[in-house]
Each structure stands twice: as structure tokens, then as C-alpha cells.
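Note sheet for the following structure.
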Amino acid sequence: MSSSSTEVQLLGSGVSPFEWRIIWALKWKGVDFEFIQEDVSNKSSLLLEKNPVYKMIPVLIHGRNSVSESLIILEYIDETWKENPILPADPTERAHARFWAKFSEDKITEPIKQAFHCAGEKQAEGVKALGEGLDILEGKIRGKKFFGGDSFGYLDIVVGWISYWLHFNQEAAGYNVMDQERYPGIDQWMKNFLEVEIIKENLPPSDEMMSSYIMYREMSLAFLNSNNKSD
Amino acid sequence: MATSNVKVLGAWPSPFVNRVRMALKVKSVEYELIETNPHEKSELLIKSNPVHKKVPVLFHGDKKICESPIIVQYIDEVWTDGPSILPSDPYDRAVARFWAAYIDEKWFPLFQQLRDAQGAERGAVLEKISEGLLLLEGAFVDCSKGKAFFGGDNVGYLDIALAGCVGWVRASDILIGAKFLDETKIPRLVGWVERLYSDSSVKDLMPDPQVLIELYKKFQAVSNAASE
């Protein structure tokens, strides 16, 4: 068993929202760590060794332990470093937080991926599904500063990436779902989120984000076009 | 703690409902099963899980919890005087959660794909199922550390996650003759499956594959008639 003072490393690409969830959580807990930049188009032997099943970032390496899948990493961090808890203490509230985290992955993250990586009808489908997911999220957040009320916590860390990333995603892929009139609660929460100290101080630079997302979008379109040609 | 206020909404053949029932059995918590019809979304189901309209739902007093992995963790965190379901070490917990998520997101959905696949596609899906079983065999070696179950001496979170699926895996085995549970390829998992049928927490909640096959055939007949 590793002690909590053992060295911590985070493998990431620099711009993936899933690794930034981990950065925010580690910062929230005051845990020092080393960030190891991965080139996801040319995966290192370290990444392949530490996440052999999915071969994806983020991966948290803590001594001899390597943990992958960002929601699982968040729980590992919360259980290993007890100060500044992220998940609520009450089992019912924890269950609800986990439920909404999973909801956001299925009904917001997945449609965003579809809207970003696809074109035409498939993209429109993703955008529509995203709108519906945001409708439900709006009901959850409207009138509250953060998902837990006044306190910043787990669900904000899980969903908060959209406050910053969605803009670049939409710009690069040519869609727009964030209608302030349809989602006033989400719009306000996004502003609250970006004002939190550890978030403000820990966001990837916007020029790097824009150039990365333009490149990823070009790669997705090239992939779609090459598939069409081979039909 | 009062246990008469615990209810589970769900259908007996559902692997996900059975996980919840296994977890309650581990903790010796009595509950009422409210049987649902898997082909009809009842008013109670829609009211209880308005977001997904799916079983299982756990009612505990005035609380309702959805999603089987979340419910199982809730059960573990509420009934603390029973045996633990999740391991105590944070890394072991992360590993158990990782493989349970793998089962739900990548591996078990392959069985639905198998039902829908035609021709050459079927071979590809069968291949993926077998590769997944090899990964789970490796996971068993890592997690069990030489003991009887993923959770060690007793069934734990990952045992419950996979045990819920075993009836359907065996039913698919019989229907297709695929021999998923091949002791020459996954000897430890095959041994583990046998032990499940003797374990007091789970044995009564492992549906008979033949009964599942009959149910499946009936469902297919109804779907075919409806689409004609």
C-alpha cells in the first residue's frame, strides 16, 4: 500500500477536459504532482504500460498504483487524501452525485463528442441530444450557485469542463447549443465555476485550446471523408 | 436500522436488478421486490426514475437510488455492520470500480450486439467477447490474490457486478453453442462461476439459463408478431 506522501504523476495530453478534472481535484486537495505530457498520436510505452486496457489519458500514477478513467481517479483521490473532501459524506448525497456524474457523461459528454467528431445528420443528432441533456441539467442547477448549493464540489469538478471547453468545441466544429435564454441557470453556474480560484488558475491556454481543437476537428473530418471514399 | 422500508423495483431476470438483490443479501437486509414488466414502463417506474425510466430502483424509506453500481455502493455505505462489499484499500476499490465499469460499458453490451449482428459481424463480436473474458481472467488473478472470489474470501463488488451477468452469458452460450466459459482458456473464471452457485449470498439469485432462454424466445416471438 502506498502512503499518501508517495510521488504522484498525471499522464495527460494538455487539453483533455478529463485530465483537467484530475488537476482540479489534486489542486483542491493540495496534492503535489508531476504532469507528464503525452502525445496521444504517438503513445508512450509508459502510457501503454499504465493503461493497457484503454491506452488513454488521463492516468494517475501514485507510487506503484496506476488508476485510469477520470471518475474512478476522482474517487481514488478523495479516498486517499482525506483533506478538503470532494464527494459528499452522506451516502444518499453521494449516490445522487454519482448518478448525476454518470448522467453528464452519458447525456452531455457523449453527445458533445458526437457533435464534434461527426458531420451532417450525425452531428445534428448529437447537437439535439446535447440540447436535451442540457435541459435536464438546467433543471438541476437553476437557482443554485454550484451543484451542491453554496459549496463547490464533485459534480462541479465533473461537469465544469463544459464552462471552458464547450466554446472551443463549438467554434471548431461549427455548432452552437449554448443558448443563454434556454439555459440561464447553466450560464450563471458556468460563470460561477470559472470564478473559483483553483479553476481560474488552472485552465489550458486559450490559443493552445483553439489550435488543438481545430486540428482535432480536421482529423475527424479527414477520417469521415476517407471512410466515405472507401464505401 | 429498520429494514422493512427497503424495496427493490425490478424484474427477476435483469442482471442489474440481481446485483442489487445480491448486495442486500450480503448485508442480510430484508426487502420487498416490486416486480416490473420489462416490456412496459409502469407509472411507478417513470415516477421513480424519470431521467432514465429503467430498473433497478432502490427505495429506502423516502429515498430512491438508481443505477445498479451506484445502488450497490449505497448499500455498502449505509449498512456498515454487515460484511463489506467494496475493498477497504482505495487502490483495490479503484481496480474493482474499473472492471465493473468495463463490464457495463464495454463487455456486457457485446451480448446485445451479438443478438443484433448478422453474418460476418457475428464472428467479430464473438471474438470481442472472448477477448474481454481473457481480460476478466487477468483481472480475477489480480483482484482475488489467490482466493476464491474477486473480493477475496467473500463475494465483493466486482463479483456482484459480473455474477449478475452470468445467467445471460450461459444462456447465450447454450443458444449459440459458443462455449464462452471454456476452462482451457479461462480456467479461473470457470472455477469462480462454479463457486458462485454454492455461495449463500448469490446462488439463489443466479437465474437458470434454460429459463432465460425460454423467456428470450417468448420475447422474440412477441416482437416478431408485433412487427408483422
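Comparing B:Gly191, B:Gly138, B:Gly61 in a Gaussian network model of chain B (Cα springs below 10 Å), the most mobile by mean-square fluctuation is B:Gly61. Going by a ≥ b ≥ c, the root eigenvalues of the Cα gyration tensor, does the protein assembly as shown fall in the rounded group (a/c under 1.5), the prolate group (a/b larger than b/c) or the oblate group? Taking the square roots of the gyration eigenvalues as a ≥ b ≥ c, the protein assembly as shown is rounded. Give me the distance between the Cα centres of region B:153-228 and region A:3-34, rounded to whole Å. Cα centres, region B:153-228 to region A:3-34: 40 Å. Let a ≥ b ≥ c be the square roots of the eigenvalues of the Cα gyration tensor of region A:1-80; is it rounded (a/c under 1.5), or, if not, prolate (a/b larger than b/c) or oblate? Prolate, because a/c is 1.5 or more and a/b exceeds b/c. For chain A, the gyration tensor built on C-alpha atoms gives an oblate shape. Its axis ratio a/c (a ≥ b ≥ c) is at least 1.5, and a/b is not larger than b/c.
B:Lys7: which lysines have alpha carbons under 20 Å from its alpha carbon, excluding same-chain residues fewer than 8 sequence positions away? Here the lysines satisfying the reach criterion relative to B:Lys7 are B:Lys25, B:Lys27, B:Lys41, B:Lys47, B:Lys53, B:Lys54, B:Lys63, B:Lys64. Only helices enter this figure: runs of n ≥ 4 DSSP H residues, each worth -39500 (n - 2.57), summed and divided by the residues of the protein assembly as shown, yield -17500 deg cm²/dmol at 222 nm to the nearest 500.
Relative to one another, the C-alpha centroids of region B:8-66 and region B:107-129 are positioned 28 Å apart. Per residue of peptide B:92-101, the mean number of Cβ atoms on other chains within 10 Å of the residue Cβ is 5.
Among beta bridges identified by DSSP and lying wholly in the protein assembly as shown, the antiparallel ones come to about 70 percent.
Roughly how many Å is it from the Cα centre of region A:75-102 to that of region A:190-231, as a whole number? If you average the Cα positions of each part, the centres end up 28 Å apart. Restriction of the GluC sites (Glu not before Pro) in region B:40-102 to DSSP coil positions whose beta-carbon has at most 10 other beta-carbons within 10 angstrom yields B:Glu40. Once the 1.4 Å probe is applied to the protein heavy atoms, the protein assembly as shown comes out at 48 Å² accessible per residue. Averaged over the residues of peptide B:70-82, the number of Cβ atoms from other protein chains lying within 10 Å of each residue's Cβ is 3.
The values are calculated or read from the model by the stated rules, or taken from the named source; none is laboratory data. Given the structure is predicted, the values throughout are model-derived calculations rather than measurements. All Cβ positions, glycine included, derive from the backbone under ideal geometry; neighbour counts span all protein chains shown. Calculation scope for accessible area: heavy atoms of the full protein, side chains included, ligands and nucleic acids excluded. Shrake-Rupley method; radii C 1.70, N 1.55, O 1.52, S 1.80 Å.
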